[in-house]
Every structure is written in structure tokens, then in C-alpha cells.
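S.K.: Mind having a look at this structure? Questions to follow.
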Amino acid sequence: MSDYTQMWSDLGLDLKGHDALLSILGSAYADIFLSQKNRPEGMKYFDFVMSEVHGLRIKELMDAKAQGRKVIGSYCVFVPEELILAVDGVSVGLCAGAEFNFESAEEVLPRNTCSLIKSAFGFKLGKICPYLEASDVVVGENTCDGKKKSYEILDPLVKDLYVMDLPQMKSESGRAMLKEEYRKFAAKLEKASGKKITAESLKKGIDIVNAKRKAVKRLTELRSADPAPISGLDALLVNQVFFYDDPVRFTESVNKLCDELEERVKKGTGVFPKGTTRLMISGCPMAVPNWKLPWIIETSNAVIVGEESCVGERGVRWMTDTKGKTVDDLIDMLTDRYFQIDCAVFTPNPSRVDYVKEMKKKLNAKGIVHYSLQFCQPYIMESGPVEKELEKTGMPTLRLETDYSQEDAGQLKTRIEAFIERLNRK
Ligand code: BJ8
């Protein structure tokens with residue numbers, strides 16, 4: 001890795017804290033990812049991206065900024081990357097997945113806040129996230145109460161926070177509200193970038209993002225094979241890199257990986273032996289470097305074959321139609337696409353459990369692990385009815401609640417092993 005110290009210092013990072021984070025990240029990555037057996041060659045690209053996640057990629061963002069492009073950071077899959085691309089902006093995900101500097105976060109947030117929010121604040125207050133510091137606009141959204149209220153606290157800490165309102169019900173008025181919010185967001189982006197969104201630029205943005213989502217969907221489908229051609233950890237990593245990488249390069253790399261996986265499937269080559277217990281995960285998103293649960297599962301004689309999560313199927317499942325001729329038509333198409341996202345902040349939210357069932361069948365999973373972050377009310381509240389409905393239809397479900405610490409790792413392993421035993425007895 002080149003020396004990026006000057007760049008980090010120019011971004012105002014706390015170099016000591018940042019070094020500590022990189023060293024934890026580097027050793028966790030080596031232990032969790034590089035130690036896996038039979039990894040596809042195509043994962044080398046993602047290893048490289050991760051090794052340069054605070055280096056080369058940030059340099060690319062700084063170069064883009066020097067050319068007058070804007071970097072837009074966001075925390076939710078309801079923020080359309082298509083609109084950001086339509087003003088030639090760069091979209092980056094800001095969700096954080098490490099227990100870092102929680103002491104400072106807990107000085108400004110209640111202790112009973114989920115780790116995802118605490119981590120984002122820990123990163124901001126500790127000045128260790130170059131993505132956040134490089135962002136010209138930070139986009140928040142009114143989803144769960146935790147995020148909604150925490151943006152009031154984030155506002156004075158970042159240079160330009162834009163908060164998007166979101167509906168909570170899948171009604172006509174909810175859809176109209178979402179479309180209006182996307183119109184307002186488009187206007188905000190035009191103002192920030194000084195560039196006008198045209199039907200052509202928006203269509204181009206939609207095509208780029210559709211291609212990226214299609215590539216990840218192709219990866220999802222390949223995971224239905226037994227033996228699984230790729231580990232759940234590596235597939236999760238691809239879904240995580242989705243939020244950071246250049247979209248066109250990312251799409252090419254995922255498609256290349258899928259070409260290789262297709263060959264593996266034809267030859268019957270896998271990462272784990274044929275017949276290994278197949279699980280899928282459903283619930284809260286897992287941001288980098290939150291790899292705890294998949295790592296525990298895949299070191300307990302099971303393989304993860306799908307993620308019903310925003311860092312997973314919920315983020316990529318729907319495509320956007322491009323049949324509109326005007327910007328307004330295309331914003332309408334975007335609204336149609338995004339309004340289908342079945343995040344637990346919606347009430348009621350029946351399509352989510354229906355899709356878990358569909359995924360389980362398609363991917364030949366034996367059981368479902370429902371993953372909630374502690375203090376995440378929407379997903380914890382939904383987990384009871386989801387478990388009941390899945391068990392009722394003969395789909396064994398394990399409901400887990402955890403955080404970013406390693407304290408419960410032993411307990412989680414015991415519960416997961418018992419669940420796998422239950423599945424294997426069937
Ligand atoms: S569309 S899942 S990315 S809101 S874990 S912060 S919900 S208390 S992340 Fe999400 Fe958008 Fe929904 Fe997806 Fe709140 Fe829960 Fe924390 Fe969460």
C-alpha cells in the first residue's frame with residue numbers, strides 16, 4: 001500500500017486512531033477471509049479493494065473532487081445512487097460495522113442505541129472515516145427513530161447534512177410522498193453539483209445501477225448450487241463492496257467472478273463439501289467490518305447461501321424501468337422501484353416474510369437465522385411474527401440478537417451449533 005498519510009491528514013483524520021482501526025481491520029480480514037479454503041480466484045479483486053479501502057479508493061474520490069465532482073455519502077438503500085450518478089456525483093455508503101470509539105458515541109447518544117448508529121458516530125467523533133470526511137453532502141433519512149433523531153445530533157458535526165423524509169406505509173399517499181422526496185433530493189443534488197439532471201443523464205445512471213444490481217443477482221442465483229461455489233462470507237463481502245467501489249468496475253468484477261462460479265458449478269466444485277448444512281440470514285444490514293455472525297456460522301460446519309438484508313437481496317432485488325422520456329417519468333420509475341423495499345420500518349410489512357420463504361426455497365436453504373442488532377426496534381419487533389410464520393410453514397428459524405462486540409461470540413456459537421444439529425436431525 002502506498003503512503004496515504006498526507007491525504008488522510010488533509011482530510012482531518014485522527015492519524016493515531018485511524019492507524020489503530022486499519023490495523024484491527026487488516027488482522028481481522030486476514031483471520032476471517034484469507035484463511036478460507038478453496039476461494040474463487042475472482043475474490044482477489046475484492047481482497048485488493050479491501051486492502052485499499054482507505055487508500056486508493058479515497059485517492060479516487062479526492063481526484064473526482066478535484067475535477068469538480070461531488071461525493072455524496074448516505075446510510076440507507078432508500079437513497080437512489082441513480083440520481084447521484086445523474087449529476088456525475090460519486091455515491092458512497094457510510095454505515096459502519098465496527099465497535100470503535102463507542103465511549104464517545106455514548107456521550108452524545110443513549111446507550112441503548114443500535115451498534116450501527118453508534119459505530120457511525122464513533123467513526124465521526126473519532127475522525128477515522130475518510131469516506132465521511134470526503135463527503136460533500138451527507139444524506140440522512142427518516143427511517144427508524146434511532147437514525148431519525150441521531151441526524152439532529154449529526155447535523156452540526158458535518159458540513160452539509162441533507163435529511164430525506166420517508167413514508168412508513170405502503171399507501172398511495174406514501175408513494176406520492178416518496179416521489180416528492182426524490183424530486184427534492186434531485187433538486188438538492190443539482191444545487192450541490194451545479195449540474196442539471198437530464199433524462200439522458202438519469203437514464204445513464206439507472207442503467208449503471210441496474211447493471212450493478214443484475215451482477216449481484218447473478219451471484220445470488222449461483223449460490224443455489226450444492227456444493228456452494230462461494231462462501232457466505234465472500235458473498236457478503238461483495239455485497240459490502242457494492243457501497244464503496246466504482247460502480248462500473250464493480251459490475252465487471254462481479255460478472256467475472258460469476259463466470260468463474262458458473263464453471264465451478266458445472267464441475268461440482270465448492271468451498272465446502274456437498275451436503276454441508278445450508279443457512280440463510282435475514283434481518284439487519286451488516287456493514288464492513290461486521291463479519292462476526294457469518295464467521296461463526298461458517299466455522300460451525302454450515303454455509304450461508306443468501307442474505308435477506310439491505311446488504312444483500314433487499315438492496316439489489318428490484319430493477320428500475322427506463323421507459324420514461326422525461327426526468328419526471330424516470331423519477332416515477334425510480335419511485336416504483338424503491339417503494340418496493342420491504343424494510344421493517346414499514347408497517348405492516350408482509351412482503352418481507354414472503355420473500356424470505358421464496359429465497360429459502362430458491363437457494364435450498366435448510367434453515368433461517370434471523371439477525372437483529374440489539375436495540376433495533378423495527379427488526380426485533382418484526383422477528384417474532386417472522387419466526388412464527390416461518391416455523392408454521394416448516395422453515396426452521398433461529399432468532400438472534402447481538403451487537404458489534406465479541407463478548408457474546410461463544411454463546412452465539414453454542415446456539416448456532418445447536419440449531420445446525422436440530423436441522424441435521426430432520
Ligand atoms: S432500508 S434496514 S438501510 S433503514 S439496525 S439503524 S433500522 S435501529 S439500518 Fe436500514 Fe434503510 Fe431499512 Fe435498509 Fe435503525 Fe435498526 Fe439500527 Fe438500522
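The values are calculated or read from the model by the stated rules, or taken from the named source; none is laboratory data. Bear in mind that the values here come from a model prediction, so they are computed numbers and not experimental data. Don't worry about glycine lacking a Cβ; one is built from the backbone with ideal geometry, like all the others, and counts go over all protein chains shown. Just the protein is used for accessible areas: all its heavy atoms, side chains included, with ligands, DNA and RNA removed. Shrake-Rupley method; radii C 1.70, N 1.55, O 1.52, S 1.80 Å.
S.K.: Tell me the residue from 60, 41 that is of a type outside the set (S, T, N, Q), assigned to a loop (DSSP other than H, G, I, E, B), open to solvent by 20 Å² or more (accessible area, probe 1.4 Å) and away from the ligand (no atom under 16 Å from the Cβ), please.
M.R.: Matching residue, one of 60, 41: 41.
S.K.: Which count do you get for residues in segment 194-211 that are surrounded by 17 or more Cβ atoms within 10 Å (Cβ to Cβ) and either free of Cβ contacts under 8 Å to residues at least 60 places away in the same chain or over 24 Å from the mean Cα position of the chain (by Cα) (or both)?
M.R.: Of the residues in that region, 4 qualify.
S.K.: Of the residues in segment 370-394, how many are part of a helix (DSSP H, G or I) and either within 13 Å of the ligand (Cβ to nearest atom) or in contact with a Gly (Cβ under 7 Å, 6 or more places away or on another chain) (or both)?
M.R.: The qualifying residues number 7.
S.K.: Okay, moving on. For segment 255-304, enumerate the residues that are assigned to a loop (DSSP other than H, G, I, E, B) and within 19 Å of the chain's Cα centre (by Cα).
M.R.: 284, 285, 286, 287, 288, 289, 290, 291
S.K.: Scan segment 310-331 and report the pairs whose first residue is within 13 Å of the ligand (Cβ to nearest atom) and whose second residue is in a helix (DSSP H, G or I) and small (Gly, Ala, Ser), with Cβ atoms within less than 9 Å and a gap of 6+ or a chain change.
M.R.: So the pair list comes out as 312/235; 316/215.
S.K.: If you scan segment 345-357, which residues turn out to be within 12 Å of residue 170 (Cα to Cα) and either touching a residue at least 60 places away in the same chain (Cβ under 8 Å) or part of a loop (DSSP other than H, G, I, E, B) (or both)?
M.R.: 345, 346, 347, 348, 349
S.K.: Right, next: Filter segment 128-184 down to residues that are of a type in the set (Asp, Glu) and under 20 Å from residue 287 (Cα atoms) and give me whichever is farthest from the ligand (Cβ to nearest atom).
M.R.: It comes out as 133.
S.K.: If you check residue 371 against the conditions, is it more than 30 Å from residue 214 (Cβ to Cβ), surrounded by 20 or more Cβ atoms within 10 Å (Cβ to Cβ) and under 22 Å from the mean Cα position of the chain (by Cα)?
M.R.: When the stated conditions are applied, residue 371 does not pass them.
S.K.: Okay, next question. Take the conditions of a type in the set (S, T, N, Q) and part of a helix (DSSP H, G or I) and apply them to residue 224. Does it pass?
M.R.: no
S.K.: Which residue, of 352, 422, is open to solvent by less than 10 Å² (accessible area, probe 1.4 Å) and not β-branched (Val, Ile, Thr)?
M.R.: The unique qualifying residue is 352.
S.K.: Go over the candidates 402, 397, 347 one by one and state the one that is open to solvent by 40 Å² or more (accessible area, probe 1.4 Å) and among the polar types (S, T, N, Q).
M.R.: Going through 402, 397, 347 in turn, the sole match is 347.
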